[in-house]
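Structure, as structure tokens:
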Amino acid sequence: MKKRIHLAAGFLIVLSAGICQSTITAEANNLPFNLRFGAGIETKAKLDLLLKNTIIIPQASAETTGNLDENSNENEGSPLPFDLSTELGMETKEELDEAIKEKIPRLAMRQEEVEEITSPDDADRAKTKGESREEGKEAAGAQETAASEFSRDQLQVYDKVIMVGDSRFVGMSSAANHPLCQWICEVSMGYDWLVSEAAPVIDASVVPNCAIVINLGVNDVYRPGDYAAYINSKIDGWIGAGADVYFMSINPVVDGYGGSVTNAAVEQFNSTMTATLSEKIGYIDTYTYLIQNGYGTADGLHYDASTYAAILNYCMRQLRVP
């Protein structure tokens, strides 16, 4: 009987010790009151589980933290638990909210950049995208004004193109100008105007690396010899000043338009000029170009805007000017 009592008492002692130990362990695993109150978590195990599944926001930048510190006296905000405050370097929930607002837009922006450039090839394409666009614009402009048979390194780089002519050049300068062109032209002018008025202006206008294009004769188609002789006499001075010199053919009319000039007379004038002009002078045959490709006129003598543009573009192609 006594043995049984001793065994029962021993069992009760062991059971009591186990209960006490469990109580002590549970109490030890409980968080301090201030953390439970601030975080709403009762035990360390629950806190560990939460932290395993929580992404810690990096510490806010010094600039952001400084701005928050300046405002702390005005609004203290809701305090963070001590352990989170120590980990993040922040005192209040409002500071944490500001840090999140500060970080998330930057992260989103960076993500868009990463998605846009996903490989080295994509990076190369992105790098040259703007350059390719500008090159495309340049190529398109060159194609409009320079013949496709010329490569870029064959193009001339004149600083100025001096265009000398009569009423046809007056019309062209209004309908289809080019930024390099300087126009010396007047209505109804011919050989005498070239010698007395135009030539002094040409002399004063020549600069190194320029071109002179002369298109006269439709108003005095019977004087090709005079034109050729005078231009030949001026060629050395103009070349010495830095110019290349070209004569543009008289261009066709509409036979029977009511004036005295015929295409037969124009062709004879052009033939004489090509035979007698100095070899130092280039010849731009826009007459043949218009005969082959067609042309439109306003009155049989002066051209419409599209034809003036075609003549000027053809001229620039022959000069190899972009």
What are the residues whose amide H is under 5 Å from the amide H of I162, where those residues sit 5 or more places off or on another chain and H is modelled from the backbone? Q182, A211, I212, V213
Residue-normalised accessible area of the range 151-220, given per residue in Å² at a 1.4 Å probe: 41
Tell me, what % of the accessible area of the range 232-322 is carbon and sulfur with a 1.4 angstrom probe? 47
How much length, in nm to one decimal, is gained on full extension between E267 and T297, taken as 0.36 nm per residue of separation minus their Cα-Cα distance? 9.0 nm
Percent antiparallel among DSSP beta bridges confined to the range 182-322, rounded to 5, stands at 10
What does the C-alpha gyration tensor say about the overall shape of the range 166-233? Classify as rounded when a/c is under 1.5, otherwise prolate if a/b is larger than b/c, or oblate. oblate
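The values are calculated or read from the model by the stated rules, or taken from the named source; none is laboratory data. Predicted model, so just to flag it, every value in this text is computed and none were measured. Accessible surface areas use protein heavy atoms only, side chains included; no ligands, DNA or RNA. Shrake-Rupley method; radii C 1.70, N 1.55, O 1.52, S 1.80 Å.
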